[in-house]
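Here the structure is laid out as structure tokens; the discussion comes afterwards.
The values are calculated or read from the model by the stated rules, or taken from the named source; none is laboratory data. The structure presented is a predicted model; accordingly, all values stated were derived computationally and were not measured. Quick reminder, even Gly has a Cβ in these numbers, built from the backbone with ideal geometry, and neighbours come from all protein chains shown. Calculation scope for accessible area: heavy atoms of the full protein, side chains included, ligands and nucleic acids excluded. Shrake-Rupley method; radii C 1.70, N 1.55, O 1.52, S 1.80 Å.
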Amino acid sequence: DEEFNELCFEFGLELDEVTSEKDIISKEKGEEKAKGASDTVLYKIDVPANRYDLLCLEGLVRGLQVFKERINLPRYEKIIPAQGEGQRLIITEETVQVRPHAVAAVLRNITFTKERYDSFIDLQEKLHQNICRRRALVAIGTHDLDTISGPFTFTAKAPSEIKFKPLNQSQEYTASQIMDLYRTDSHLRHYLHLIENKPLYPVIYDSNGVVLSMPPIINGDHTKINVNTRNVFIECTGTDITKAKIVLDIIVTMFSEYCEKPFSVEAAEVVYPNGKTHIYPELAYRKEKVKPELINKKIGISETPSSLAKLLTRMCLESHVIGNGNNIEIEIPPTRADIIHACDIVEDAAIAYGYNNIQMTIPKTYTIANQLPLNKLTELLRLDLAAAGFTEALTFALCSQEDIADKLGMDISATKAVRIANPKTAEFQVARTTLIPGLLKTIAANRKMPLPLKLFEISDIVVKDPNTDVGARNYRHFCAVYYNKSPGFEIIHGLLDRVMQLLEVPLNEENGYTIKATEGSAFFPGRCAEIFAKGQSIGKLGVLHPDVITKFELTMPCSALEINIEPFV
């Protein structure tokens, strides 16, 4: 395990954890549920989002073998069948409104085993979630070619006119019924919105009218592939042709090693509505030239051109030195859609060289770092507040709507709170607009502690602000609460005076601070004051309203102070 962890690290991956199904289930659902689960060791590997070629075992093993120089990088080739013998996919003009693009290919005489088949399905799922943007840009369909006969037609029809038996179902449904059927399906319901409101739904037929699939929702049951399938027809439909080509290239390069003639793919012809044709998969190899000194300079090493070429070859980028060592010519295989610019090539050279092997140097630019003034002020205040006998708390920046509105006697619209669009729990619906709820929840969780409880927090709050580029703004607030058998207003007031003394702000109207009586929904009537300094209102202090105290499940009186410290930086 340690050796493999080391290898992954050298290759630029991370072995997240060594676990088993049993461990995973017992962590998530408890020991009871994990009984009978498999103990087989599983490696959880973190793959960077740009390396689609490492998303399945086949690609990962191939990449690591080339990296270890045990095998040479295979050469992928497409076989173009004789005229009239290949598969054709005809795109009709009705598809333009829904999913205009389609590409296709065939894997001939492939040999699946249970593991290979599972890996094949799993790769499609990973691509769907990643480069296909949850099937919005591309949807992949794989079919048993021996159950259908070409040419195939990719068209779009009214939902009521499409009728077929969806994958793993026992009867036929129309497209509208399929939508209703999968509305409760935990996996497929997330894709329904992609075509739901379109007048026509995309669909692929064979020459006998058998439905292959209704992308991006579901394949037909008729063309279902299994472990014994020998010939696989692969189609990718989508709204982005570039992504569709990449997805097709990845699938065929990964699994063509199991074909009778390894690493060969049978091409298919796609006919566009305007009559033009194109052969897919493209499996395009291209050459790039990079100067060795550029690679050395960017990484901070001094390797010879030939050793740089060798490093790149280990990263699946076949490289040769040309022109007396002035240039390195790099061939980019179809599996590496992530190589867009010379810097991507330099990065791969750095990974192969080993980040840990690069000598550390002191940067040529001479700069002196400084602490952000706001953070410096925060640090200074924290020490003195602790010296004043208050305990610091750190609470969550997200909270529920009730915490900042209902429980404080306010309306949510008046708080200018920033909402989370899809909160995972009721506890984290909005970003906090005040620090008081966090401290009151902390007191509620520590009711067993001896009184008095004196807590403070200096953290950011977030409010909507249409004048900023992101639509929201942070303010650094200081909040303190005192919880005891008596309200202790004088203690909180004393703390305010101490903070102002530390900030060297005198108690006067011209250039200091003043407090004026006011009303606040969270405070007891007649026991609340607004604090003014630097010509602006910076916060409030007072005794909390009994309703607020009971809503936070507390039983004793409590006084609080909250001010914005940014004007004092």
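Kindly evaluate Ile140 against the criterion of being in contact with a helix residue (DSSP H, G or I) (Cβ under 6 Å, 6 or more places away or on another chain), surrounded by 15 or more Cβ atoms within 10 Å (Cβ to Cβ) and touching a residue at least 40 places away in the same chain (Cβ under 8 Å). Here the answer is yes, as Ile140 does meet what is asked.
Cβ-Cβ distances below 8 Å connect the following pairs, each with a first residue in the range 67-92 that is more than 26 Å from Arg336 (Cβ to Cβ) and open to solvent by 80 Å² or more (accessible area, probe 1.4 Å), a second residue that is in a loop (DSSP other than H, G, I, E, B) and of a type outside the set (Val, Ile, Thr), and a separation of six or more residues or different chains: Arg88/Gly150; Arg88/Pro151. Let me confirm something: among Leu455, Leu439, which residue is in a strand (DSSP E or B) and in contact with a strand residue (DSSP E or B) (Cβ under 6 Å, 6 or more places away or on another chain)? One residue alone meets the criteria, Leu455. Meeting the requirement of 3 or more residues that are at pLDDT 90 or above and open to solvent by less than 30 Å² (accessible area, probe 1.4 Å), the strands (runs of 3 or more DSSP E) wholly within the range 482-569 are 523-533, 536-544, 558-564.
Scanning the range 356-390 for residues that are free of Cβ contacts under 8 Å to residues at least 40 places away in the same chain and part of a loop (DSSP other than H, G, I, E, B) yields Met360, Ile362, Pro363, Lys364, Thr365, Tyr366, Thr367, Ile368, Ala369, Asn370, Gln371, Leu372. Restricted to the range 352-372, and to residues there that are loosely packed, with under 10 Cβ neighbours inside 10 Å and of a type in the set (Ser, Thr, Tyr), the residue that is farthest from Lys298 (Cα to Cα) is Thr367.
For Gln169, state whether it is out of contact with any strand residue (DSSP E or B) (no Cβ under 6 Å at 6 or more places or on another chain), modelled with pLDDT of 90 or more and farther than 30 Å from Ile110 by Cα. No: the conditions fail for Gln169.
All of (1) under 13 Å from Ala393 (Cα atoms); (2) touching a Cys at 6+ places or on another chain (Cβ under 8 Å) hold for Ala445 with one exception: (2).
Cβ-Cβ contacts under 8 Å between residues 6 or more apart (or on different chains), taken from a first residue in the range 308-325 that is more than 12 Å from Pro292 (Cα to Cα) and free of Cβ contacts under 8 Å to residues at least 40 places away in the same chain to a second residue that is in a loop (DSSP other than H, G, I, E, B) and of a type outside the set (S, T, N, Q), are listed as Leu317/Pro333; Leu317/Arg336; Leu317/Ile339.
Of all residues in the range 416-443, those satisfying the criterion of being over 25 Å from Pro466 (Cα atoms) and either within 20 Å of the chain's Cα centre (by Cα) or loosely packed, with under 14 Cβ neighbours inside 10 Å (or both) are Lys424, Thr425, Ala426, Glu427. Selection over the range 272-296 of residues that are assigned to a loop (DSSP other than H, G, I, E, B) and basic (Lys, Arg) gives a count of 2. Inspection of the range 135-146 identifies at least one residue that is basic (Lys, Arg) and not in a helix (DSSP H, G or I).
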